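See structure below.
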């Protein structure tokens, strides 16, 4: 089934910067950044709202182009990788098509990735995100959290080598979130896929990722680069002392870089 | 109030219909000497005794309308697809489509008659011309009403414009297309009838003209009732088909997103480009088809005629002034009445349940087919024509404004409810802003409708203004004057459109900035 197993490659950012220009005003969203994200790892981007995390994610997906620098995934550009449906994005706004049912929206993730129909695989994904029994519902009948879960199932449906998650569990209730945090990562980790995750939740970042990048307020730059040394999967116990220590480390880094450079310098 | 059982509701509705019929009958009998209203019994009697004639005429008109419906909608959908696939062409295409739609059927009818000769070519063409714009606009809106997130989704899989079209744009446009087709059905019937006014052999339009010349009240009323009935039936059938497809209702009805000018030269530059395109298209098609200069006047001919002939110029100006003095008040009254009633119905929701189905049904009545009746009823002075124009605009505006009011965000309404705000406060504070985009879209669409209504009323009933002028000069083969009148009407329509558009941008920039797209 996993035709793309072990295909993932390193993501390399070389001097990547993004400046938005709107009506004569320039806004620097991402400061020049050099970064290598190892193949098969999960990286979390944390930082204050509006700091440019999502922009960075869009740059990696090639949905926006950097103003400076370049991004390569293995030997490919993001655009080339998208061209062969090698990556998938779970957007902050679920962007489900309102005229398709839940099953139809998840199946779309396969068909957009040019994969043959597979009703069983779709049903399995729907079960995993806990939407069993809602297969034939339209997005308008679902709660915000349910829509996000359907969007995650859609992103996973195409078996991407690179999975980009933009606050995927933002609207999901705490209990479900906890379960998804436990059950979903193995889906891509087992295939050796690379994942980049934007999140506001420190504990979620520590729970899911191998590496946490703490970003400064706009323009985004990497303030701290924290490697999570805890064991992967079920063994990573949120109640453990080591887990809490890592959380505290991330929080400290966030606090230290709360203020924009201009104010902090004074 | 618990929901009445289905049978009970049908009974109530039946009783209402009966009551209305009785009032109608009584009114007609009381005013029999005024010679305005035919009683239902008279209509029934006429229809029964002339069933064969009416049936054959109906089928003729229906057949022409059906073919016009097909070709017009095909053209509308194709134009919308081209505009979306080649975004650079969109503004020019929209302008040209609007301009052609503004050409008064009353004037294009005689020209098409000359072009086609005998047969039903003009009817079919006019029916197509009457529908393509009301399909083009909503389909274009539907195709473009695609949130950035859906585009990103398709792009994130490296898929291009065709996938976006197939998976996102076309399904998103489907409900809009149904709404457009629904409006198109009565319009096609109307177009076919106007085509028949201009010298066809058979059809309901021919019978209308004949009945009016003979001042045959029951006949005129019978035909109007048949035309109205057919239109309502077509309107409801397409609506029911749309519901069978289980489509979500469109987000916006006819409201094309308003583009914000990038700089101050863009508007004038675009206008100049559009003018040039129109002139080239005009001259080009005539030359390409080798149309005889005797009746197919070129832009140069019209210019020469208007520059050299002062008497003709004066005649044309007088007619235009007369027409505008009817069209402008009618247009404003129709808009004000439609928006006003929509707002009133929000304040008095109980009234709304009773009036809305009626308004939706009446929206599909080809008002113009009933224009002679209205002008008869109100006299040949200004009141009749103004009323025809106002009625033509009133129903679509009412429906569009109701639609806009219903789009007030739930959360905003909740905020007003939390503070126990009065319905008036809620209307002014929240719902009015939600209504404005729909109102302005309706105001733009109403311009061609007003021109159609005023010229038809003038032609069929009052014998004054530019509508009558066009009919007269068409019958005397004064084609210089006919083309000059068409040009002037087209110009007036475009100017009115630009005016409404500018006002719309000015108002929406203050009330609904999200409606303005870059």
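Values in this text are rule-based calculations from the coordinates and carry no lab data. The structure presented is a predicted model; accordingly, all values stated were derived computationally and were not measured. Cβ coordinates were reconstructed from backbone atoms using ideal geometry, including for glycine residues, and neighbour counts include every protein chain displayed.
Inter-chain neighbour count for B:139-148: the average number of beta-carbon atoms from partner chains within 10 Å of each residue's beta-carbon is 1.
Shape summary of segment B:405-448, radius of gyration then Dmax from alpha carbon positions: 12.7, 43 Å.
The C-alpha atoms of chain A define a longest principal axis, and helix A:102-112 lies at about 70 degrees to it.
For chain A, the longest principal axis of the Cα atoms and the long axis of helix A:174-183 meet at an angle of about 80 degrees. In this calculation the C-beta distance from residue A:256 to residue A:65 is compared with R0 = 41 Å, giving a FRET efficiency of 0.85.
Between residue B:269 and residue A:234, the distance separating the two model label sites (each 7 Å from Cα on the Cα→Cβ line) works out to 6.6 nm. Per Stokes-Einstein, at 10 °C and 1.306 mPa s, what whole-number D in µm² s⁻¹ belongs to segment B:62-194, with the Kirkwood radius over Cα pairs as the hydrodynamic radius? Diffusion coefficient, whole number: 102 µm²/s. The alpha carbon centroids of segment A:176-227 and segment B:52-129 are separated by 59 Å.
Placing dummy labels 7 Å off each Cα toward the beta-carbon, the span from residue B:312 to residue B:428 is 5.5 nm. Fully extending the segment from residue B:281 to residue B:407, taken as 0.36 nm per residue of separation minus the present Cα-Cα distance, adds 41.3 nm. A straight line joining the Cα centroids of segment B:449-518 and segment B:282-360 runs 3 Å. In segment A:94-159, Cα pairs under 8 Å separated by at least six residues give a relative contact order of 51 percent. Within the protein assembly as shown, antiparallel bridges make up roughly 50 percent of the DSSP beta bridges whose residues both belong there. Expressed as a fraction of 2.2 N^0.38 Å, the value expected for a compact globular protein of N residues, the C-alpha radius of gyration of segment A:94-159 is 0.95. Taking the number of Cβ atoms within 10 Å of each Cβ as an exposure proxy, the fewest-first ranking of B:63, A:99 is B:63, A:99.
Over segment B:126-255, the hull volume per residue, using the convex hull of the C-alpha atoms, is 115 Å³. How much of the calculated P(r) for chain A lies past 31 Å, in percent of all Cα pairs? The answer is 25 percent, as a whole percent. Fully extending the segment from residue A:143 to residue A:200 would add 18.5 nm, taking 0.36 nm per residue of separation and subtracting the current Cα-Cα distance.
If a spin label sat at a point 7 angstrom from the Cα of residue B:63 along the line to its beta carbon, the backbone N atoms of segment B:177-215 nearer than 11 Å would be those of B:202-203. Residues A:16, B:328, B:194, A:228, arranged from fewest to most other Cβ atoms within 10 angstrom of their Cβ, appear as B:328, A:16, A:228, B:194. Highest mobility in the GNM of chain A, judged by mean-square fluctuation with C-alpha springs under 10 Å and restricted to A:190, A:113, A:171, is found for A:190. According to the calculation over all Cα-Cα pairs in segment A:1-120, the P(r) per 10 Å bin from zero is 11, 36, 33, 17, 3, 0 %.
Just to be sure I understand: with springs between alpha-carbon atoms less than 10 Å apart, which residue in A:245, A:38, A:18 has the highest mean-square fluctuation in the Gaussian network model of chain A? Its mean-square fluctuation being the largest, the pick is A:245. Over chain B, dividing the summed -39,500 (n - 2.57) contributions of all DSSP H runs of at least 4 residues by the number of residues returns a 222 nm mean residue ellipticity of -26000 deg cm²/dmol.
Summary value for segment B:34-251: 30 percent relative contact order, contacts being C-alpha pairs under 8 angstrom separated by 6+ residues. Quick note on the protein assembly as shown: its Rg to Rh ratio, both from C-alpha atoms and Rh being the Kirkwood radius, is 1.06. Based on Cα contacts under 8 Å between residues 6+ apart, chain B shows a relative contact order of 18 percent. Counts of other chain beta carbons within 10 angstrom of each beta carbon in peptide A:106-112 average 3.
For the peptide A:87-95, the mean number of other protein chain Cβ atoms found within 10 angstrom of a residue's Cβ is 4.
Treating r as the C-beta distance of residue A:19 and residue B:27 and R0 as 56 Å, the FRET efficiency rounds to 0.15. At a 10 Å Cβ-Cβ cut-off, how would you order B:317, B:376, B:24, fewest neighbours first? The fewest-first ordering by Cβ neighbours comes to B:317, B:24, B:376. Between 0 and 90 degrees, the angle of helix A:119-128 with respect to the longest Cα principal axis of chain A falls at about 50 degrees. In chain B, the convex hull through the Cα atoms has an average projected area of 27.4 nm², a quarter of its surface area. When chain A is treated as a GNM with alpha-carbon contacts under 10 Å, the residue of A:197, A:213, A:180 showing the greatest mean-square fluctuation is A:180. Considering all C-alpha pairs of segment A:177-243, those separated by over 17 Å amount to 45%.
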